[in-house]
Amino acid sequence: MKATDLAISVKGLKKSYKNKLVLKDVNFDVERGSIYSLLGSNGAGKTTTIKVLTTLLKPDGGELKVSGYDVLGESEKVHQAISLTGQFASVDESLTGMENLILIGKLNHIGKPKDRAVELLTYFNLMDSAGRLVSTYSGGMKRKLDIAMSLVNRPEIIFLDEPTTGLDPQSRHSMWAIIEELKDSGVTIFLTTQYLEEAEQLADKIGVLDKGTIIVEGTAQELKNMLPQGVVEFTFTDEDLLNQACSLTAKYKTTAIREENKLIIYTDGSADTLSLIFQKFASNGVGIKAFAQKSPTLEDVFLTLIGEKEGIGNE
Ligand SMILES: Nc1ncnc2c1ncn2[C@@H]1O[C@H](COP(=O)(O)OP(=O)(O)OP(=O)(O)O)[C@@H](O)[C@H]1O
Ligand SMILES: [Mg+2]
């Protein structure tokens with residue numbers, strides 16, 4: 001692939017806050033016109049990555065290109081290519097939606113800022129509320145206006161930091177539709193999320209950020225394929241039995257869901273392995289309340305890789 005096909009290219013990104021190393025060695029590429037989703041738990045460094053790529057924060061090291069321009073050496077060119085989200089502290093609640101958009105248009109010296117504002121308000125279905133103060137908007141409307149503002153200067157690449165956090169399911173789905181439409185219009189989208197289903201729904205490529213590096217990367221399907229195919233789920237009547245089951249299956253990758261006394265075991269799917277597990281439970285008096293076979297979800301991948309939850313064995 002030619003370097004110019006890449007909207008974002010990150011090699012060896014490092015960033016610490018004082019003595020706290022947050023990004024150790026982050027590497028990834030984002031193809032033009034695609035959606036890349038950076039997935040990670042709280043504090044993994046998602047916002048830090050966005051801040052560095054949008055030139056708000058200086059990295060300690062790495063070769064970083066956005067739209068082919070060097071993030072450190074050609075920051076002006078980078079500014080012209082990216083959306084304004086994050087640079088302007090989102091919406092001004094004491095202005096109307098229309099005023100917010102016109103203000104951004106004027107700050108960016110675009111031609112006919114009012115026309116652009118009307119275009120975007122119409123696109124986001126906000127024309128009816130255009131003349132109302134933003135302080136009266138719902139969370140979902142504010143989020144839409146925020147994205148509209150980031151589109152005023154027709155960016156090639158837009159960075160969305162957890163675009164649907166705090167939205168109700170309906171607003172979340174309408175945000176997904178907007179993001180998909182943006183992609184269809186040719187915009188490259190880099191988004192962070194903590195919602196696996198969001199990454200699965202939207203992203204062409206998902207990168208999982210953990211302990212300062214991208215520990216795994218691929219399409220949702222590729223990530224799922226990394227898990228053993230034989231995902232089985234046992235339910236026990238109480239926590240004691242669950243604990244016993246955990247120690248009996250310590251050699252496998254497992255996830256315990258303690259609230260439900262469930263144990264998910266990632267096996268190779270062979271009949272031999274399964275019968276071995278059943279035998280082990282039976283000979284140790286670990287009675288099973290329910291048994292089910294599961295197809296791996298992205299959640300399973302995330303939990304297995306990050307090993308955050310209790311009961312995850314490390315083979
Ligand atoms: N200005 C700062 N000074 C010191 N430490 C910081 C600063 N900003 C972030 N951190 C720390 O760096 C780590 C990464 O923070 P960051 O905001 O990038 O995480 P995140 O993945 O976006 O998390 P979240 O999902 O909660 O938004 C955290 O441990 C955070 O406490
Ligand atoms: Mg964040």
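Observations on the structure shown:
- For the chain, the 222 nm mean residue ellipticity estimated from helices alone, with every DSSP H stretch of n ≥ 4 adding -39500 (n - 2.57) and the total spread over all residues, rounds to -10500 deg cm²/dmol.
- Nearest-ten-degree value, helix 271-283 long axis tilted from longest Cα axis of the chain: 60
- Charge dipole of the chain about the Cα centre (unit charges at C-beta), most positive-ward option of T254, A44, Q279: A44
- For D70, residues with placed amide H under 5 Å, excluding near neighbours: none
- Fraction of alpha-carbon pairs over 32 Å apart in the chain - percent: 40
- Diagonalising the gyration tensor over the Cα atoms of segment 211-256 and scaling each eigenvalue by 5 before taking the square root yields semi-axes of 28, 14, 9 Å, largest first.
- Rounded to the nearest 20 debye, the dipole magnitude of segment 141-198 is 220 debye, with +1 charges on Lys and Arg beta carbons, -1 on Asp and Glu beta carbons, and the Cα centre as origin.
- Dipole moment magnitude, nearest 20 debye, the chain about Cα centre, only Lys, Arg, Asp, Glu C-beta charged: 780
- When the solvent-accessible area of segment 3-218 is split by element, carbon and sulfur atoms take up 50 percent of it, the probe being 1.4 Å.
- Averaged per residue, the chain has 48 square angstrom of accessible surface, using a 1.4 angstrom probe with ligands and nucleic acids left out.
- Based on Cα atoms of segment 186-239, Rg over Rh with Rh as the Kirkwood radius reads 1.11.
- Taking the chain and dividing mean pair separation by its residue count, relative contact order in percent (alpha carbons under 8 Å, at least six apart): 19
- Alpha carbon Rg of segment 227-306, scaled by the compact-globule rule 2.2 N^0.38 Å: 1.01
- Compared with the dominant principal axis of the Cα atoms in the chain, helix 139-151 is inclined by about 60°.
- For segment 20-29, Karplus couplings with θ = phi - 60° (6.51, -1.76, 1.60), whole Hz, Gly/Pro x: 8, 7, 9, 10, 8, 6, 9, 9, 6, 10
- In the chain, the longest principal axis of the Cα atoms and the axis of helix 169-184 are about 60 degrees apart.
- Pair-distance distribution P(r) for segment 145-192, from all Cα-Cα distances in 5 Å bins starting at 0: 5, 20, 34, 28, 10, 3 percent.
- Computed over protein heavy atoms with a 1.4 Å probe, the carbon and sulfur contribution to the accessible area of segment 227-306 reaches 51%.
- Rounded to the nearest 20 debye, dipole of segment 227-306 from Cβ charges on Lys, Arg, Asp, Glu: 180
The values are calculated or read from the model by the stated rules, or taken from the named source; none is laboratory data. Just so you know, these numbers come straight off a predicted model, no measurement behind them. Cβ coordinates were reconstructed from backbone atoms using ideal geometry, including for glycine residues, and neighbour counts include every protein chain displayed. Protein only, heavy atoms only, side chains kept; ligands, DNA and RNA dropped before computing areas. Shrake-Rupley method; radii C 1.70, N 1.55, O 1.52, S 1.80 Å.
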